[in-house]
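Below: the structure, in structure tokens.
The values are calculated or read from the model by the stated rules, or taken from the named source; none is laboratory data. This structure is a prediction, so every number in the text was calculated from the model and none was measured. Every residue, glycine as well, gets a Cβ built from its backbone with ideal geometry; the counts of neighbours run over all protein chains shown.
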Amino acid sequence: MTYPIDHTHDPALRSWVESANAESSEFPMQNLPWCRAQRLDEIEAEGDAELAPVFLATRIGDEIVDLEALADAGLFEDVFEDEDEGVMGFALVEYLVAASPAERVAFRRRLSELLSAGDARVRDDEELREEAVTPVSRCVVLPALEPRDYTDFYASVYHATNVGNMFRPGNALLPNYKHVPIGYHGRASTVVPSGTGIVRPKGQQAPAEEGGSPSFGPCKLLDYELEVGFVVGRGNELGETIPIEEAEAHILGLCLVNDWSARDMQKWEYQPLGPFLAKSFATTVSPYLVTLEALAPFRCAAFERGAGDPQPLGYLSSDANRAHGGVDLTLEVWLSSAQMREQGHEPVRLSRGSFRDMYWTIAQMLTHHASNGCSMQPGDLLASGTVSGKARESRGCLLELTWDGDSFAEPPVLVPGTQRTAIELPTGETRTFLADGDEVILRGWCEGEGRRRIGMGECRGVVRAAR
């Protein structure tokens, strides 16, 4: 299925929220992502963030708009087909996650109308505007849904090839990689919102010499992973599947994900069953869920497989997925060390890549996940795995970025996984892996000729010392 490109994507659209009209805004009328929010004054009044109200919201310009307040004002009546007694604010999220694609398009159109410059329903209702519209600077912004479950994929063939060549030079990809979207089940309990401090994990590391004993202690090779997440709306019953043609109707939208990784622990434990404690200590998620409806103008063809590559099996293949299963989303990683912040240096960009380089699409990942009858639930978070491209500057983690090999040179340059060139920071510090105090910042956006640029917001986390 495809979401339409319609008047809500018109680059000429303007809002009565003036900050949304600035060319520099990542949250113009054409975006309208979902999030949850709390007002700082209500947190202060309660004395505890856990006691303060949390509401479903959107961001436009520099403002957070309370969607539940708009629903209570009756402004989304007639949008949802199964509505009996009106959409009450507290139930809005339930309507949205269960909504059909047509209902979600209708909801977006109504929201766009309400925020448009010429619409008076919220603009001129002083009481409603006071209740519903709050500067983002006076809010705590959280992900739109709390994940009930979390799965991480390994969908970049460039990342998989580089990592494979570090440890299996010349034999990078295992035989199944180009046939099946590879993934593992993570822990929803350690998925945290952007801005949460990341405590350096402890764990077992490989013996220093063959035949020796492993050691236990703080991770020495802490890494980030630049990923894109997508969130499930409507699920499927246990034992049922999600056909590839219907997969995107079950996906609400995209967010940014940093799947922090302890590389020394990972190297020791990953065989024979794959990632475990090296991946389960923290995963950071950005607060804004950019809907598939908003992304409609930025869809692109799925990854073009090489002439010798196998084509996906029938259950993972459709004409629509081949034609526009990809997303033209630019992604960046920035780093700020504690010393850089003390000396007033701005963060430095480490890499820039594109989500269009993924070997498997979001629809293929979801369809494969449910192909054995696994029940997907509203709010489930699925992540792409590290987003990397062919060029060194597009590698999406330090494990790749500082590696001196090049899987895609002619001929390939394959060196031991430990042969690395450190990244130099403005303070004279160097990094091959993360140090305590380092802040990692992920950013992403879509742009195109004749389109307003729409942003994903930021995904941030500061490394804290092991406890």
Practice task
Quickly run through segment 449-467 and pick out the residues that are more than 20 Å from LEU329 (Cβ to Cβ) and of a type in the set (A, V, I, L, M, F, W, C).
Solution key: VAL462, VAL463, ALA465, ALA466
Handout entry: Residue within segment 26-41 that is out of contact with any Gly (no Cβ under 8 Å at 6 or more places or on another chain), among the acidic types (Asp, Glu), closer than 20 Å to GLY444 by Cα and modelled with pLDDT of 95 or more present
Key = no
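Against the condition over 30 Å from GLY203 (Cα atoms) and part of a strand (DSSP E or B), how does VAL290 come out, does it pass? Talk me through it step by step, then tell me what you get.
Numbers: over 30 Å from GLY203 (Cα atoms): yes; part of a strand (DSSP E or B): yes.
The answer is yes for VAL290.
Each row is one residue, and each column tells you yes or no for (1) free of Cβ contacts under 8 Å to residues at least 12 places away in the same chain; (2) surrounded by fewer than 16 Cβ atoms within 10 Å (Cβ to Cβ).
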site: GLN271; (1), (2): yes, yes
site: GLY274; (1), (2): no, yes
site: PRO297; (1), (2): no, no
site: THR330; (1), (2): no, no
site: MET340; (1), (2): no, no
site: HIS345; (1), (2): no, yes
site: SER354; (1), (2): no, no
site: ALA363; (1), (2): no, no
site: LEU366; (1), (2): no, no
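I'd like to know if segment 308-328 contains one or more residues that are closer than 26 Å to LEU398 by Cα and without any contact (Cβ under 8 Å) to a residue 40 or more places away in the chain. Walk me through how you get there before you give the answer.
Quick first cut of segment 308-328, residues closer than 26 Å to LEU398 by Cα only: 326-328.
After this cut, where a residue has to be without any contact (Cβ under 8 Å) to a residue 40 or more places away in the chain as well, the list is 326.
Checking segment 308-328: at least one residue is closer than 26 Å to LEU398 by Cα and without any contact (Cβ under 8 Å) to a residue 40 or more places away in the chain.
Within segment 41-51, identify whether any single residue is in contact (Cβ under 8 Å) with a residue 24 or more places away in the chain, touching a helix residue (DSSP H, G or I) at 6+ places or on another chain (Cβ under 6 Å) and either within 22 Å of LEU128 (Cβ to Cβ) or in a helix (DSSP H, G or I) (or both), and answer yes or no.
yes
Give the residues of segment 65-76 that are touching a helix residue (DSSP H, G or I) at 6+ places or on another chain (Cβ under 9 Å) and part of a loop (DSSP other than H, G, I, E, B), sorted by residue number. Give the steps one after another, and end with the answer.
Step one: filter segment 65-76 for residues touching a helix residue (DSSP H, G or I) at 6+ places or on another chain (Cβ under 9 Å), giving 65-73, 75-76.
Correct list: ALA73, LEU75, PHE76.
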Practice task
Scan segment 177-231 for residues that are of a type in the set (Ser, Thr, Tyr), over 16 Å from the mean Cα position of the chain (by Cα) and under 24 Å from ALA160 (Cα atoms) and jot them down.
Solution key: TYR177, TYR184
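I'd like the residue in segment 116-148 that is among the aliphatic types (A, V, I, L, M) and over 26 Å from the mean Cα position of the chain (by Cα) and, out of all such residues, is nearest to ASP41 (Cα to Cα). I'd like the intermediate steps shown before the answer.
Here is the first cut: in segment 116-148, the residues among the aliphatic types (A, V, I, L, M) are 117, 120, 122, 128, 132-133, 136, 140-142, 144-145.
Okay, now just the ones that are also over 26 Å from the mean Cα position of the chain (by Cα), so 117, 120, 122, 128, 132.
Values: ALA117: 28, ALA120: 27, VAL122: 22, LEU128: 18, ALA132: 14 Å.
In this case the residue turns out to be ALA132.
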Handout entry: Candidates SER100, SER15, SER19 - the one that is modelled with pLDDT under 95 and under 30 Å from LEU331 (Cα atoms)
Key = SER100
Fill in the blank from the handout: Every listed condition ((1) more than 24 Å from GLU237 (Cβ to Cβ); (2) in contact (Cβ under 8 Å) with a residue 40 or more places away in the chain) holds for ALA370 save (1)
Problem - Single condition MET365 does not satisfy, out of (1) in a helix (DSSP H, G or I); (2) farther than 23 Å from SER318 by Cβ; (3) touching a Phe, Trp or Tyr at 6+ places or on another chain (Cβ under 6 Å) - result: (2)
Completion exercise
Flagged in segment 102-156 as under 26 Å from HIS9 (Cα atoms), assigned to a helix (DSSP H, G or I), without any contact (Cβ under 8 Å) to a residue 60 or more places away in the chain and not hydrophobic (A, V, I, L, M, F, W, C), in numbering order, are GLU103, ARG110, GLU113, ARG121, ARG129
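Looking only at segment 85-101, how many residues end up being part of a helix (DSSP H, G or I) and in contact with a helix residue (DSSP H, G or I) (Cβ under 9 Å, 6 or more places away or on another chain)? Walk me through it before giving the result.
In the first step, residues of segment 85-101 are kept if they are part of a helix (DSSP H, G or I); the result is 89-98, 101.
Those left that are additionally in contact with a helix residue (DSSP H, G or I) (Cβ under 9 Å, 6 or more places away or on another chain): 89-93, 95-96, 101.
Looking only at that region, the number is 8.
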